[in-house]
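Reading through the C-alpha cells given below for one structure.
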Amino acid sequence: MSSLDKLNFSNTFATLPEIFFSAHQPQALSDDFLIHFNGQVADLLGIDRDAVEQNDFLDIFTTKKPFDGFKPIAMCYAGHQFGHYVPRLGDGRAILLAQLRDKDNRPWDLQLKGAGPTLYSRGSDGRAVLRSSIREYLCSAAMHGLNIPTTHALFLSGSREEIYREQIEPGAMVLRVAPSHIRFGSFEYYFYSQRHDDLKRLGAYVLEQYYPHLLAEANPYLSFLNEVIEVTAKLIAKWQAVGFAHGVMNTDNMSIHGITLDYGPFGFIEQFDPQYICNHSDHQGRYAFSKQPEIGLFNLSCLAQALLPLLHDDADEAVKLAKAALANYQAIFVGHYAELMAEKLGFTCVIENERKIVTALLDVLEANHVDYTLFFRTLSQQLSAEDKNKCRDLFIDRASFDQWYEIYQNRLLQENVLPETRSEQMKKVNPKYILRNYMAEIAIRKAQDENDYSEIEDLMKILSDPFKEHSSYEHYAGHPPEWSKNIEVSCSS
Ligand code: AMP
Ligand code: MG
C-alpha cells in the first residue's frame, strides 16, 4: 500500500492521437465535500485507505490541486441509442483522469463523472445530480457484492452547487473505476465515420492493453470479438438470474470488458414480471427486463459490424466470421443462465428438464406477483415443514405453488446433499438484500433534505455483503413499502 503521491498514475489512452479524445480539465463543484469513500475499491487499486484522511484528497481528484500523473481527457465514442445510430456522443460529463496499475499490474481507469462540460456535452451542463450519483455509487457496490461484473466507485462527493433539471438539485460526483471505459460505441465511431486506420489503431490499443493473450492468435480481432460475446452473454445471464434491469442498454453503455456500465434508471425486479420496464422514459419497452438477452445480441451485432474491417480483408469473409461468432451467443447465454438458476434452486448440476422447472417457477411467480428476491431467499431456508409454508405464504394461488413445489421436491431427490448444506449453499447465491428503488430513495431524501448521509453508509454495509444476515437491517429484507410504487426513474439526471 502506498499513499497517493507514491502511486504510479499514467494515461495510456491519452497517448493515442487526439482524434480519440479531447483534453479537458475537470471543473470542481463549488463547496464540494466528500460523502463516502469505498475502502474495498481503494484496496483493489492499491490506494492506502488512509489516503482519504489527507486534507487535499478531494482537491487532488477534482484537480483543484495539480497532481503529477493525471492527464485528464474526455473520450470520444458513438452508439446506437434506442436502436438508432448517433454518430457522436463521447464523455459529455465524465473525465478520465488517469490509469493506475494494481499490484498485479492490471490497469484501472479513474474517471470523474459529473466533472463539467467537454467537447462532447452537446449543450448540456456536464454535471450529475446527487440523486443519480448516489444511485450509481450504491449500485456499483451492490453489483460487486452480488458477484456481478461492474464498474466500481472509489468515492462520492457532494456540493452546494445548484444543478438545473426538472427542479434544482445539488450537484455531485462519482470517481468511477473500471478496467477501461471503452464501449461498443467507441469502435462504432471510427467504423461509421470511415476512419478505418483509426479503427485499427483503437483495436491494436485494446488488444495490447487488455487482451495481450490474444495477440498470438491466428486472428486476434476475431478472438477479441469471441471474448466480448462470451463475457457479455454471461453478464446478461447474471442480470437475468438476479433480476437486474439495466434500463438503457444502448451500445454506448456496453463495455468491451463485459461489466455493467453506466447506471442510470436501473432497477431490480420486485414482484416478478418479465415485462418490467425500469426506465420511465422507455415508452416502447425496448429495454424491458425480458428483452435484455436479445438486446445483448443486437448490441454485439453492432460491435461485430464495426469490427468487420479488422476481421478480414475480404468483406464477405469478414461477414461470415462475424456471423459465425455471433451464432455462439445464444448457447453461451442459455448455458450460463441455466447454471445460475440451478444454483439458485440448490441443484448441484444442471439436468435435462431443468429448464421446465425454471420456466414453470417463473410462470407461478409472475401469476402470483411474488417478490423475486424474497422468494429465492425463503426457498433457501427449507429445513422444516413450516419453512415450506413461509414460501407458500408468498403466493395468492397456493395450489399453483404446491404443484410446482412437488416437482421441485422430486428433483431434489436426485441430489445427494443434506438439506442444511443445500440451504447454506443457496444462501450464498440468493441475496437477502438487493438495492430496491425505495432504499436508494430513502438515502437520497435524507441526503438532499437533511444533509444526512448516514443511510448511504448503512446501505453500503448490507449491499456490499448481501448474502449475510445483517440482523439489525432486517427491515430492508422484506417487501418494499407501498409508497415505493410511485418512484419514477428516468434517464435525465
Ligand atoms: P447516458 O444516458 O448517461 O449514458 O448519456 C448519454 C450521453 O449523453 C453520453 O454521451 C453522456 O456523456 C451525455 N450526457 C448525459 N448527461 C449529460 C450532461 N448532464 N451533460 C453533458 N452530457 C451529458
Ligand atoms: Mg452512457
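Throughout, read-outs are computed from the coordinates displayed, never taken from laboratory work. As the structure is a computational prediction, the values presented were derived from the model and not from experiment. Cβ coordinates were reconstructed from backbone atoms using ideal geometry, including for glycine residues, and neighbour counts include every protein chain displayed.
A few comments on the model shown:
- Helical contribution to [θ] at 222 nm, DSSP H n ≥ 4, -39,500 (n - 2.57), averaged over the chain, rounded to 500: -13000 deg cm²/dmol
- Whole-number percent relative contact order across region 4-184, with pairs defined as alpha carbons under 8 Å at least 6 apart: 25 percent
- The packing ranking of peptides 21-31, 259-269, highest mean first, is 259-269, 21-31, where packing means the average number of other beta carbon atoms within 10 angstrom of each residue.
- Between the helical axis of 454-463 and the longest alpha-carbon principal axis of the chain there is an angle of about 60 degrees.
- Relative to the Cα centre, the charge distribution of the chain, modelled as +1 at Lys and Arg Cβ and -1 at Asp and Glu Cβ, gives a dipole magnitude of about 440 debye.
- Prolate/oblate/rounded label for the chain (Cα gyration tensor, a/c 1.5): oblate
- The mean sequence distance of close C-alpha pairs (under 8 Å, at least 6 residues apart), as a share of the length of the chain, puts its relative contact order at 14 percent.
- Whether region 4-184 is rounded, prolate or oblate, judged on the alpha carbon gyration tensor where a/c under 1.5 counts as rounded: rounded
- Among beta bridges identified by DSSP and lying wholly in the chain, the antiparallel ones come to about 95 percent.
- Spatial separation of Cα centroids for region 1-64 and region 82-150, in angstrom: 13 Å
- Sorting 451-457, 140-146 by their mean Cβ neighbour count within 10 Å, with the most densely packed peptide first, gives 140-146, 451-457.
- All lysines inside 26 Å of LYS200 as judged from Cα atoms, apart from same-chain residues fewer than 8 positions distant: LYS71, LYS320, LYS323
- Under 27 Å from the Cα of LYS446 - lysines, other chains or at least 8 residues apart: LYS113, LYS432, LYS461, LYS468, LYS485
- Ordering of 312-318, 437-443 by burial proxy (mean other Cβ atoms within 10 Å per residue, highest first): 437-443, 312-318
- The stretch between PHE82 and HIS213, if pulled fully straight at 0.36 nm per residue, gains 43.8 nm over its current Cα-Cα span.
- Qualifying trypsin sites (Lys or Arg not before Pro) for region 119-148 [loop in DSSP, other Cβ within 10 Å: at most 13]: ARG122
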